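Asks: This structure is in structure tokens; I'll ask about it shortly.
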Amino acid sequence: MAVEEDSEIVEFLSTFTEHAEVARLLYHCVGRILLKIKNSKRNWREAGLAVDLKDAADWIEVSILHKEDWLLKVDEHGRPRKLLKFSDLEGVLKEANKAMIKRAMQMPVIKINDGEEVLEQVLDSGWYMVRLLTPKALDNESAIMQHCVGHGTYDERVLTGQVVILSLRDPHNKPHVTIEIDTRSNSVVQIRGKQNERPKAEYARRVRQFIRDRDYDSIYRPIEIGLVVDEMGKAHSIDNLPEGLAIKGNLDLSEYALTELPAFLEVRGDLKIIGSAIRELPRGLRVTGNLLAAKSRLQSLPVDHGIARSIDVSSTMITELPDGLEVDGDLDLSDTMLRKLPEDLVVTGHLKMEATDVAVFPASAIVGLNLFLSGSGIKRFEGDRLYVGGCLMLSNCGRVHFPEHVAVERAMFMEKTEIASGAKVLEIGGNFYCQNSNFTTQSRKFRARGRVIANREARNTEFATAMPLAQYDRTFGTQE
């Protein structure tokens with residue numbers, strides 16, 4: 001019996017391949033994950049565009065061409081079991097890239113004869129772009145670059161002129177970037193560095209130089225070569241972003257050596273500056289989605305930060321936050337240099353401050369969902385009452401002074417953490433996990449609506465703390 005497929009997702013995936021069998025198999029891994037996202041009322045199309053699904057389609061096509069064994073190991077619906085093991089898109093792409101790199105490394109570099117490739121354009125400083133003309137040239141590029149342009153995947157499309165494959169070469173004829181052009185739509189559909197990685201900044205600059213001299217109708221994922229396309233379709237180099245720049249969709253500047261963003265930047269999606277050199281947010285910033293700034297050099301967050309949803313500044317150089325800070329989503333402060341939480345902090349979602357030196361949790365702070373304090377320096381909760389709207393996670397915190405009344409809506413986890421004082425009234429809406437702690441119900445009003453798992457069941461407790469949050473909630477959530 002066939003598995004019913006979502007027509008919108010089928011149509012979306014068809015843009016990444018022209019082969020019916022590739023599209024069918026792509027749905028079983030990628031489409032299944034996108035359907036899960038869609039059913040959870042999240043933006044599945046945005047999630048699909050946030051990664052490069054062409055890599056997954058190429059991997060499946062190569063596997064079909066080479067009749068790989070895993071294609072024959074199917075379930076009762078004829079779906080290869082290998083494609084059903086993935087729980088997220090990142091897992092699919094990781095498997096695809098691993099398989100293509102392995103195959104490319106097994107392919108020997110071969111001698112290219114005259115007529116296998118042709119000069120496309122001379123660039124500066126002895127660099128140039130060549131066009132690959134034959135299967136042999138494609139295989140050679142694939143062997144050196146360790147990606148999927150060889151192995152027969154593009155042979156027919158190159159020979160029939162549907163696709164042009166270009167290679168950026170240095171003065172020694174060594175390839176550094178491979179580009180796929182769809183001649184029917186006059187568009188750039190892929191730009192790849194070695195092992196399918198984003199091209200290095202030096203190479204990206206030369207590709208930008210080449211593209212500026214061409215009149216392509218569109219560029220897929222232009223950020224791969226350091227181009228940002230505004231809401232009017234105009235491309236800007238990341239080295240010279242204009243004030244008032246407006247972006248429709250996500251803006252991913254992760255790992256770029258940018259030190260600042262333009263004033264009055266507007267992003268109608270997520271702003272990602274993970275691993276960047278940006279130290280502060282620009283004035284007038286407006287982001288309708290999340291700010292993802294982990295491992296960046298960000299040092300501060302203004303009260304009027306302009307972020308509509310969650311903020312992740314984990315592993316940054318932030319040392320303090322302004323009083324009155326409000327985050328309408330999750331706030332991740334883990335592994336920062338923060339020593340004090342601001343007064344009147346409001347976080348409507350989860351607050352993570354693991355591995356920080358924050359010692360005092362102010363009475364004025366409000367957290368709507370889970371509070372993660374494991375490995376932190378927390379020693380005291382101010383006020384007479386602590387309310388946590390989700391789960392409370394305390395691990396390796398030592399002796400902690402609690403308010404007299406503690407109320408946790410869902411599960412509470414306490415490991416290698418002792419109650420120094422307070423918590424005379426402890427109400428837990430879900431399960432209570434207690435390991436290597438001095439907790440006792442004597443002289444204390446205690447109620448847990450779920451299970452109480454004490455030291456004798458430490459094996460379950462250790463398993464719980466190692467789980468991702470979503471899995472933890474499903475497994476150890478509130479027991480009615």
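Asks: Given Cβ point charges of +1 (Lys, Arg) and -1 (Asp, Glu) and nothing else, what value in debye, to the nearest 20, does the dipole of the range 1-98 about its Cα centre take?
Replies: On the way: 16 positive and 19 negative charges, 79 e Å.
Dipole size: approximately 380 debye.
Asks: What whole-number value in Å² describes the accessible area per residue of the chain for a 1.4 Å probe? Provide the component values of the computation, followed by the final result.
Replies: Values: 22870 Å² over 480 residues.
Per-residue value: 48 Å².
Asks: Could I ask something else about it? How large is the Kirkwood hydrodynamic radius of the range 100-219, counting all unique pairs of alpha carbons, in Å?
Replies: Working: mean 1/r = 0.0700 Å⁻¹.
Mean inverse Cα-Cα distance, inverted, gives 14.3 Å.
Asks: Leaving out same-chain residues fewer than 8 places away, which lysines sit with a Cα under 25 Å from that of Lys445?
Replies: Of all the lysines, those that pass the test against Lys445 - Cα under 25 Å, at least 8 places apart if same chain - are Lys379, Lys416, Lys424.
Asks: Around Asp384, what is the net charge, scoring Lys/Arg as +1 and Asp/Glu as -1 over all other residues with Cβ under 12 Å from its Cβ? Intermediate values should be presented prior to the final figure.
Replies: Details: positive: Arg385, Lys424; negative: Glu382, Glu404.
That works out to 0.
Asks: If we count every other residue with Cβ under 14 angstrom of Glu343's Cβ, Lys/Arg +1 and Asp/Glu -1, where does the sum land?
Replies: Within the 14 Å Cβ shell, the charges total -4.
Asks: Moving on to the next point. Convert 10 °C to kelvin, take the viscosity as 1.306 mPa s, use the Kirkwood radius over C-alpha pairs of the range 29-130 as Rh, and evaluate the Stokes-Einstein diffusion coefficient in µm²/s, rounded to a whole number. Provide the component values of the computation, followed by the final result.
Replies: On the way: Rh = 16.7 Å.
Translational diffusion coefficient: 95 µm²/s.
Asks: Between beta-carbons, use under 13 Å as the cut-off and find the net charge around Arg184, counting Lys and Arg +1, Asp and Glu -1. Provide the component values of the computation, followed by the final result.
Replies: On the way: positive: Arg157; negative: Glu18, Glu180, Asp182, Asp217.
Local charge sum for Arg184: -3.
Asks: With a 1.4 Å probe and every protein chain kept in, tell me what percent of the accessible surface of the chain is carbon plus sulfur.
Replies: Working: 11100 of 22870 Å².
Carbon and sulfur: 49 percent of the exposed surface of the chain.
Asks: With all protein chains present, calculate the accessible area of Asp312 using a 1.4 Å probe and round the result to the nearest 10 Å².
Replies: Asp312 has an accessible surface of roughly 40 Å² with all protein chains in place.
Asks: Using a simple charge model, +1 on the beta-carbon of Lys and Arg, -1 on the beta-carbon of Asp and Glu, nothing else, what dipole does the chain show about its Cα centre, in debye to the nearest 20?
Replies: Computed about the Cα centre, the dipole is about 1360 debye.
Asks: Placing +1 on the Cβ of each Lys and Arg and -1 on the Cβ of each Asp and Glu in the chain, which of Ala56, Ala454, Phe361 has its Cα farthest towards the positive end of the resulting dipole?
Replies: Ala454
Asks: What's the magnitude of the charge dipole for the range 141-229 around its Cα centre, counting Lys and Arg as +1 and Asp and Glu as -1 at the beta-carbon? Answer in Debye, nearest 20.
Replies: Working: 14 positive and 12 negative charges, 70 e Å.
With only Lys, Arg, Asp and Glu charged at Cβ, the dipole is about 340 debye.
The values are calculated or read from the model by the stated rules, or taken from the named source; none is laboratory data. The structure displayed is predicted, hence computed values, not measured ones. When we count neighbours, we look across all protein chains shown, and the Cβ atoms used for this are built from the backbone with ideal geometry, even at glycine. The protein model used for the area step is the full one, side chains on, heavy atoms only, and it has no ligands, DNA or RNA in it. Shrake-Rupley method; radii C 1.70, N 1.55, O 1.52, S 1.80 Å.
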